[in-house]
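Here's the structure we're looking at; comments come further down.
Computed from the coordinates by the stated procedures, all read-outs in this text should not be read as laboratory data. In this text, all values refer to a predicted model and were calculated from it rather than measured experimentally. Methodologically, a virtual Cβ is constructed for each residue, glycine included, from the backbone with ideal geometry; neighbour enumeration extends over all protein chains shown.
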Amino acid sequence: MRLTKEGTEFYDNLTSTEKDDFISDLQIELSKIIPVNIERLSSSVKNLNNQMFISLKIQSSKKERSVKSIIDDLNDMIKYKRITSISLFLNTNYLDEDFGSVPNQNLWGKYKIRILGVVLAFGILMVLFLLAHKKERKGRNMAVLQLGLIIFDFVINALFVSNNGKVVEALYIPSLMFLTVPTVVNAIGAFYIIFDENKSKTFLDWFAQHLMVALIFTVLSGADIEALSILHSNMAGFEFFNAPFSTKGKNSIFWASCLNIFAKDIPQVIIQILYIDSVVIYDIISLFALISSCLNLLINIVGRLFQTINICRHGSLEAPATERNFTSDELMSHSIHVKGENDSKKNNLTKRSSKGSFQEVIP
């Protein structure tokens, strides 16, 4: 429910105690008008763009009217308050007839196709990951999922700013700033890293052979500088994902990613949490944006922590090859090799034992 401008002005001029009394009296009046047991009602107030919104919660009951029927009746009475009891009470008369009483959204019912689309896209990424892992087990094939998340996170955050940014006016400028500024800085940083790497003949040869892929990922790095690291992931064993980055280049990507956490990821999560907390009704874009930002933040923090541990232990971002985990194929071949050696030693011992016994029998 929403208060009219007059109602909002009246509410704002009340003291803290008077505001509590206003909400309490409003609930009493609604319980008489609907009618409904007042113990089933509770409410909270939010100020959105200088207008007060009241969220009325109605507990379900098996003995009394259903929540849906109460909401439907309340919506009709508010919208036609001039001919209903809503206009007869002091506090309910401040309810905005243009807004009515809007129930909480059934996100699944309203956005079922979009949700299924996201699930399907994730399923496709999982299949691609498994195929990449089957083709090249030694590659960092999680980069498939990483790339998908980078693209999804950027697109959904851009949609959030364009579609939802102005709903809460105080959050529009910060949300726009923390989307555009890091994107521009990341893009400039990515082009600089690639330009610097091209001073190496080895990298320049790779760059010349895979120019289009390099340019695509350099542009994608505007969304997240970590996209550059995919170029040296050896994903699926493809040559264009085996860029010979120098240690300096890898370190530059690492430090830029660390900066991104504080300059982009954390601010975006905070803004989206504040948005969800500020609005009365939120759509699927804002929900997806929050989920994506939280997931992206978590992955980036964990990834940077692992890289930091490697730097502390080994002096480099990646663990030495001697300490990497064996793949299943390597473990199998290793076990067969060990078994073969053990069998060979066992046969030699048996032969020696037999020979010794034979010599003891002969006088």
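Relative to the longest principal axis of the Cα atoms of the chain, helix 67-79 runs at roughly 50 degrees.
From the coordinates of this entry, percent of Cα pairs over 34 Å apart is computed, and it appears in (i) 46; (ii) 32; (iii) 52 under the label (iii). Placing R0 at 35 angstrom, the Cβ-Cβ distance between Arg65 and Glu169 gives a FRET efficiency of 0.40 after rounding to 0.05.
Note on region 1-46 and region 253-321: Cα centroid distance 40 Å, given to the nearest whole angstrom. For the chain, modelled as a GNM whose springs connect Cα atoms under 10 angstrom apart, the maximal fluctuation among Arg140, Arg114, Arg304 occurs at Arg114. When the alpha carbon coordinates of region 172-260 are projected onto the principal axes, the ranges are 44, 23, 18 Å, largest first.
Taking label points 7 Å from Cα along the Cα-to-Cβ direction, Glu239 and Gln209 give a separation of 0.4 nm.
Placing dummy labels 7 Å off each Cα toward the beta-carbon, the span from Ser87 to Val302 is 5.9 nm. Relative to the dominant Cα principal axis of the chain, helix 328-361 is inclined by about 30°. Inter-label distance, Lys201 to Leu116: 5.8 nm, where each label sits 7 Å from its Cα along the C-beta direction.
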